[in-house]
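I have placed the structure first, in the form of structure tokens, so that the comments after it can refer back to it.
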Amino acid sequence: MKYVKAPLIMTPGPTYVHEDVRRALSKEITNPDLDLAFYEFYKETCHKLKQLLNTNNDVLILSGEGILGLEAACVSLIEPGDKVLVIDNGIFGNGFGDFVKMYGGHVELFQSDYEKAIDVEKLEEFLKKHHDFKMATVVHCETPSGITNPVDIICPMLKKYGIITVVDSVSAIGGEPLKTDEWQIDMVLGGSQKVLSAPPGLTFLSISDEAWGIIMNRKTPIIGYYCNLSIWKNWYQEKWFPYTQPISDIYALREAVEILLKDEKALERHRSIAEAVRKALIAGGLKLYPKEGFSNTVTTFMVPEGIEFKALYEEMLREHEIIIAGAFGFLKDKVVRIGHMGENCYEEKVYLTLKALDAVLRKNKIVIKDELHKLFVQYI
Ligand SMILES: *Cc1c(COP(=O)(O)O)cnc(C)c1O
């Protein structure tokens, strides 16, 4: 078997997977349905995720990439005709509405400037007049635009009107503060391949008692099986999983959570590295996409004039063995994204990335005011 040397993947997920996490993947497995010890292992792993999410709510790990969590929440909570407030200031926020519709929900969009964090004052005004919603969807970090939304304000505000909240925190958990219980978030959705830096393939989610109440007391049955959260209600008491668990992936996730929980400086590192990246790019003469509400896990800046995104991406990979990301939807070919999350949120890796970016831009005759990597060191 031939292996390809892996490039440095400075993307907003998947991220670099630590050697200990990769080793956990290769551990000998047991039968996860029949070996009772695995039920304890799964439960303990959920417990560690609870610590990360600051919650006492139930947590589940599901086999499937981040999108599965979004879909499972919609499938399980929404009944045909339910009114759902979809809070939208970006591609993921808007896309949430598509899942809501798919499962019969009636979508009302609250749109906010795509270049800024959600305007909470406008949302408050809106809610005074319109608040007849069963639930609301919110995106914590809009990964394509690099914007973090103030879910700490938004979710309690919605709760005052009795609206339950589903927060897509896939690209934020671990890199941004998240207090699920204090902020009264009914469901938080996460993925293995972002800040946690485990291999792609798992979703984890938290479910409040109120959300469980809705899931278990529907008028119409939940369609489908794999996304149906009600089948998980008593997995531990009954020592029964709805399907064979991806045990190796869960071993890896467990190792990854432990690494992150041990790292007391993780949040501060995400904050300070993100800030230094932004300052370096601005001082170098580049333009960030967001006007405010900057993410701590991903930085999005405009593709400078004089180069196409594709050429920039290809040269970064070919000459420097570093992968940076573009975006999709209306941002396709317009922006560049550097992921600095989880295992990639270290000065050395960001330094190498900015040094390579600096070199590629200069080679393409783009005027950079000062060396990006040196600026980064100056600001860190
Ligand atoms: C990554 C991500 C997901 C998961 O979807 P992908 O298919 O991995 O892109 C969901 N929501 C957000 C906000 C994400 O960043």
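FYI, it's all coordinate maths here, none of it is from the lab. Every value quoted in this text rests on a predicted model; they were computed, and no experiment measured them. Ideal geometry is used to build each Cβ from the backbone, glycine not excepted, and the neighbour counts take in all protein chains shown.
Our coupling estimate for the range 7-22, obtained by passing each phi through the Karplus curve with A = 6.51, B = -1.76, C = 1.60 and θ = phi - 60°, is x, 7, 9, 8, 10, x, x, x, 10, 4, 9, 4, 4, 5, 6, 5 Hz, Gly and Pro reported as x. Taking the DSSP bridge list for the range 9-148 and keeping only pairs wholly inside it, about 20 percent are antiparallel.
Close amide-amide hydrogen proximity is noted between L109 and V86, each under 5 Å apart and 5 or more residues distant or on a separate chain (H modeled in the peptide plane; Pro and chain starts excluded).
Cα extents for the range 251-380 along the principal axes, largest to smallest and rounded to whole angstrom: 45, 30, 30. In this structure the amide hydrogen of D58, modeled in the peptide plane, comes within under 5 Å of the amide hydrogens of I207, none closer than 5 places in sequence on its chain. Seen from R22, the other residues with C-beta closer than 14 Å to its C-beta sum to a net charge of -2, counting Lys and Arg as +1 and Asp and Glu as -1. Over all orientations, the chain has a Cα convex hull whose mean projected area works out to 19.1 square nanometres. Pairs of Cα atoms nearer than 8 Å and 6+ residues apart set the relative contact order; for the range 92-240 it is 15 percent. Sparsely packed loop sites in the range 28-59 (the GluC sites (Glu not before Pro) outside DSSP H, G, I, E and B with at most 15 other Cβ atoms within 10 Å) comprise E28.
Here the convex hull built on the C-alpha positions of the range 176-281 has a volume of 166 cubic angstrom per residue.
Volume per residue for the range 64-223 equals 100 cubic angstrom (convex hull of Cα atoms). Principal axis analysis of the Cα atoms in the range 157-211 yields extents of 38, 20, 13 Å, listed in decreasing size. Residue by residue, the range 285-300 carries 3J(HN,Hα) couplings of x, 8, 10, 6, 6, x, 8, 7, x, 4, 6, 8, 10, 8, 10, 10 Hz when phi is fed to the Karplus relation 6.51 cos²θ - 1.76 cosθ + 1.60 (θ = phi - 60°); x denotes Gly or Pro.
Across the chain, the mean sequence separation of Cα contacts (distance under 8 Å, 6 or more residues apart), normalised by length, yields a relative contact order of 23 percent. Net charge of the neighbourhood of K334, taken over other residues with C-beta under 13 Å away and scored Lys/Arg +1, Asp/Glu -1, is 0. The lysine pair count for the range 112-196, using Cα distances under 29 Å and pairs eight or more places apart or on different chains, is 24.
Can you find, among N296, M316, F330, the residue sitting farthest towards the positive end of the charge dipole of the chain, where Lys and Arg contribute +1 and Asp and Glu -1 at Cβ? Comparing the listed Cα positions along the dipole, M316 ranks first.
Placing +1 at every Lys and Arg Cβ and -1 at every Asp and Glu Cβ, with all other atoms neutral, what dipole size does the chain have around its Cα centre, in debye to the nearest 20? Intermediate results must be reported in sequence, preceding the final value.
Values: 44 positive and 53 negative charges, 138 e Å.
I would put it at about 660 debye.
Across the range 218-233, computed HN-Hα scalar couplings (Karplus, 6.51 cos²θ - 1.76 cosθ + 1.60, θ = phi - 60°) run 7, 7, 10, x, 6, 7, x, 10, 5, 9, 7, 6, 5, 5, 8, 3 Hz from first to last residue, x flagging Gly and Pro. Extension gain for the segment E28 to D370, taken as residue separation times 0.36 nm less the Cα-Cα distance, is 118.0 nm to one decimal. When you restrict to C-alpha pairs under 8 Å that are six or more residues apart and normalise by the size of the range 70-136, the relative contact order lands at 38 percent.
Restricting the calculation to alpha carbons of the range 4-150 gives Rg and Dmax of 19.3, 58 angstrom. Relative protection proxy for 197-205, 124-132, 266-274, from highest mean packing down: 197-205, 266-274, 124-132 (other beta-carbon atoms within 10 angstrom).
Stokes-Einstein diffusion for the range 254-324, with the hydrodynamic radius set to the Kirkwood value over Cα pairs and evaluated at 25 °C in a medium of 0.890 mPa s, equals 170 µm²/s.
Find, among the chymotrypsin sites (Phe, Trp or Tyr not before Pro) in the range 321-380, those assigned to loop by DSSP (not H, G, I, E, B) with at most 16 other beta-carbon atoms within 10 angstrom.
Working: sites: F328, F330, Y346, Y351, F376, Y379; in loops: F328, Y346.
Those that pass, being in a loop and sparsely packed, are F328, Y346.
For G293, the residues whose amide H sits under 5 Å from its own are A117, ignoring neighbours fewer than 5 places away on the same chain, with H placed 1.01 Å from N.
For a quick check of your reading of the filter: which trypsin sites (Lys or Arg not before Pro) in the range 136-236 sit in a DSSP loop and have no more than 11 other Cβ atoms within 10 Å? List each step's numbers first, then the result.
Details: sites: K159, K160, K179, K194, R218, K219, K233; in loops: K179, K194, R218, K219, K233.
Those that pass, being in a loop and sparsely packed, are K219.
Given +1 at the Cβ of Lys and Arg, -1 at the Cβ of Asp and Glu and no other charges, the dipole of the range 71-148 around its Cα centre is 160 debye to the nearest 20.
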